[in-house]
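Notes follow the structure.
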């Protein structure tokens, strides 16, 4: 799905950004977007997106949302992924009558073809 104005362009003229896992874009360059993958024009792009986490409090499902922002320099003909990865094993914490489960994780931007992280694109997130 294109996230730019004007006529369709070839894959060699645009970059592709996508979210891997349970997430979706909220804004690209300040314009509301709703989806998991977009074609964008080359250049610096500002992204707002969210990931959601399904945990349990006792036996009740509990969905938490993490809202994030980053900037990425997009090159024509390239594909990029926003990835949420686990850092460690799942942990459990007793909170009154409930057991809370959580997992440490990190979020990064990677080149989709090589898998290499793009270190200049720092991701900032807050729970909402």
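Every read-out reported here was derived from the displayed coordinates using simple, explicitly stated rules and does not represent laboratory data. Remember, it's a predicted structure, so these values are computed and weren't measured experimentally. Cβ sites come from the backbone with ideal geometry, for glycine too, and all protein chains shown count toward neighbours.
Would any residue of segment 38-62 have its amide N under 19 Å from a label point 7 Å out along Cα→Cβ of residue 31? List them or say none. Those under the cut-off are 38-50.
Full extension of the segment from residue 127 to residue 44, taken as 0.36 nm per residue of separation minus the current Cα-Cα distance, would add 27.3 nm. Place a point 7 Å from Cα of residue 113 in the direction of its Cβ. Which residues in segment 12-45 have their backbone N less than 18 Å from it? The answer is 12-18, 38-43, whose backbone nitrogens lie closer than 18 Å to the label point.
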